[in-house]
Amino acid sequence: MTALLDVAGLCRRFTVGQPGPIERLRGKRPGVLHAVDAVDLRIGEGEVLGLVGESGCGKSTLARVVARLIDPSEGSIRFAGEDIGQIAARRFARHPLRRSIQMVFQDPTESLNPRWTAFDCIADPIRRMDPGAAAKVADRVHELAALVSLPETLLQRFPHQLSGGQKARVGIARAVALRPRLLVLDEPTSALDVSVQVVVLKLLDELKRRLGMSYLFVTHDLEVVRLICDRVAVMYLGRMAEVGTVGQIFERPSHPYTRALLSAVPSGVPGRTPQRIQLSGDPRSPIDPDPRICRFLGRCPNGTERCGTEMPQLRPMGEGHVAACHLADAA
Amino acid sequence: MAAVQAYARHLRHVVTENPVTGAAFALFLLLVLTAILGPALVPFDPLQSDASRTLHPPSARHWFGTDQLGRDVFSRVVVATRLDMTIAFASVLLVFVTGTLTGVAAGHFGGWVDRLTGRIADTIMAFPLFVLAMGIVAALGNSIGNIVLATAVVNFPLYVRVARAEANVRRDAGFVEAARVSGNSEARVVLFHILPNTLPIMMVQVSLTLGYAILNAAGLSFIGLGVRPPTPEWGIMVADGANYIQSGEWWVALFPGLALMLAVFCFNLLGDGLRDLIDPRRRT
């Protein structure tokens, strides 16, 4: 499998708590929030990589950097052999590779312009990025509506006249309108009803196979990962905790955080509560973190002295399986 | 064609849904028709004075009576509609275009654009607005163009502030990010995705400032700035009539004053209807 997307040493930092003029005189510096810290990521052609982690761990920021909506602070993003990390996000909107990386947003209601009909929403990327298709826009939109099973009669409706599932279909049709090679999905199902979630996931799975796309699938639902992902990346406070295939992560989790995460999945069988690993303590602050301390220390059930003096790096645990923990053993 | 039909249906829905909106639209239509057709229909020449018929009370011949020069007040009130409405619409159009575009740019781009427009708006707001309008007209000269300009300048902060806030909350909304991913340049994002979404609120602003603009124009004429006699204009007519109220000739000031009140009233009631008209979310 050749890598379609190769992200190396990616960092994204935000300045927070800008001090006032008097505080600045006293020598107070603004804090730096490390949302994404030295992340490496590879996605092969036609591969689905699940990105999981708790709220605020930086997975949405990482998705937005990869989708080139925001700029990285450091690191490279190689897409199909070209380093697109150096192109400013504002300029990337007009870049020829823009059509190859598309995105499906978390909230289908919020991601559709309330003043545009479904037709116009789906037609927007075609009109902007495929000037040759001007005469056939209507045909293309109808084709896409059929592809995502959106009834044609709904195309003239405004978003507020559509249901959540229908809005999600419009968002997906817009994202696949120009046959992108990489689709970044930022929790595409979390705003939907459970019954609709399954339908939309099946649709996404089918589209991937029919259009040969790769997915970067951001989610916090591990069942979704098991259903449609090939590989999983577990993120904790801006850093990669563990990366491996779905089988490796679910069968032999090496990082204590991954194990805790997996133990929190409901069994689905009433009365059979699985052995839960309870994490105590608060997560460390992502603002100005000490680069020598493991991010998980303080919540980790088996942290040692070494974890407080040396940041664990990703170490191989098996074929294509890495984890960032001093205590993890290769299988 | 289908879109036109859908829009006509939407218009009918908005007008019939709320009786107040319906009445406001009817009144508005009446004002516009008066402005267009009025001068051709009035029974007397509004400038023709008649020394033998000064200060006659309302009668079958002179519905609103006559003024101190024997001119027919009804004809003058009707003819003045066109001038007052033109000043109001021209100034509101001017400030709507400039204020909304500046405010949306300030809210979206932030930074120095935002700071500069904010300071300009603050500076304008620091003056008592009517005094500022007086100052502008007095300094630039007594012309209709300058009344329009002064009224627009005075309303500028209201448009900039509202448009800025409306654009600012949407600068990183989901549909704006989606527009960027769809290959829209920042200029297109602002003009085609953010600006249209600020319009419903701006329409309410338009209706409120229309009323204010007409009052402002009349007020300037009332104190002798702006439109000059003998041109029929509601503000001048109220000013003329004010001298006669104490001696019992109430009709000279009352009728232009009523016309003014009716116009302001109509514009203010129009606000909600205009917003509903321009907001597709109100469509059923």
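The values are calculated or read from the model by the stated rules, or taken from the named source; none is laboratory data. In this text the structure is predicted, and so the values were computed from the model without any measurement. Neighbour counts are summed over all protein chains in view; Cβ atoms, including those assigned to glycine, are modelled from backbone coordinates with ideal geometry.
Given (1) out of contact with any Lys or Arg (no Cβ under 8 Å at 6 or more places or on another chain); (2) under 30 Å from A:Val148 (Cβ atoms), where does A:Gly271 come up short, assuming only one miss? Failed condition: (2). Within the option set A:Val65, A:Val48, being under 28 Å from A:Arg179 (Cα atoms), surrounded by 15 or more Cβ atoms within 10 Å (Cβ to Cβ) and in contact with a helix residue (DSSP H, G or I) (Cβ under 8 Å, 6 or more places away or on another chain) holds for one residue only, A:Val48. For the range A:95-108, the candidate set comprises residues that are part of a loop (DSSP other than H, G, I, E, B), facing chain B (nearest Cβ under 8 Å) and touching a helix residue (DSSP H, G or I) at 6+ places or on another chain (Cβ under 7 Å); within that set, the residue that is farthest from A:Leu192 (Cα to Cα) is A:Phe105.
Only one of (1) touching an Asp or Glu at 6+ places or on another chain (Cβ under 8 Å); (2) within 14 Å of chain B (Cβ to nearest Cβ); (3) not in a loop (DSSP other than H, G, I, E, B) is not met by A:Trp116, so which one is it? Only one criterion is unmet by A:Trp116, namely (3).
Of the residues making up the range B:69-97, those that are touching a Phe, Trp or Tyr at 6+ places or on another chain (Cβ under 7 Å) and either surrounded by fewer than 18 Cβ atoms within 10 Å (Cβ to Cβ) or closer than 22 Å to B:Leu262 by Cα (or both) are B:Asp72, B:Val73, B:Phe74, B:Ser75, B:Val77, B:Ala80, B:Asp84. Within the range A:278-286, is there a residue that is in contact with a helix residue (DSSP H, G or I) (Cβ under 9 Å, 6 or more places away or on another chain) and on the phi > 0 side of the Ramachandran plot? The answer is no, given that none of the residues of the range A:278-286 is in contact with a helix residue (DSSP H, G or I) (Cβ under 9 Å, 6 or more places away or on another chain) and on the phi > 0 side of the Ramachandran plot.
Rundown of residues vs (1) under 15 Å from the mean Cα position of the chain (by Cα); (2) under 30 Å from A:Arg13 (Cβ atoms); (3) among the basic types (Lys, Arg), yes/no style:
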| residue | (1), (2), (3) |
| --- | --- |
| A:Val170 | no, no, no |
| A:Val198 | no, no, no |
| A:Lys202 | no, no, yes |
| A:Gly212 | no, no, no |
| A:Val246 | no, no, no |
| A:Arg252 | no, no, yes |
| A:Ala260 | no, yes, no |
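Every condition in (1) farther than 20 Å from B:His193 by Cβ; (2) at pLDDT 90 or above; (3) surrounded by fewer than 21 Cβ atoms within 10 Å (Cβ to Cβ) holds for A:Ile77 except the one numbered (3).
Among residues belonging to the range A:63-94 that are part of a loop (DSSP other than H, G, I, E, B) and facing chain B (nearest Cβ under 9 Å), point out the one that is farthest from A:Met240 (Cα to Cα).
A:Arg94
Would you check if there is a residue in the range A:145-160 being touching a residue at least 40 places away in the same chain (Cβ under 8 Å), under 20 Å from the mean Cα position of the chain (by Cα) and within 14 Å of chain B (Cβ to nearest Cβ)? For the range A:145-160, residues touching a residue at least 40 places away in the same chain (Cβ under 8 Å), under 20 Å from the mean Cα position of the chain (by Cα) and within 14 Å of chain B (Cβ to nearest Cβ): absent.
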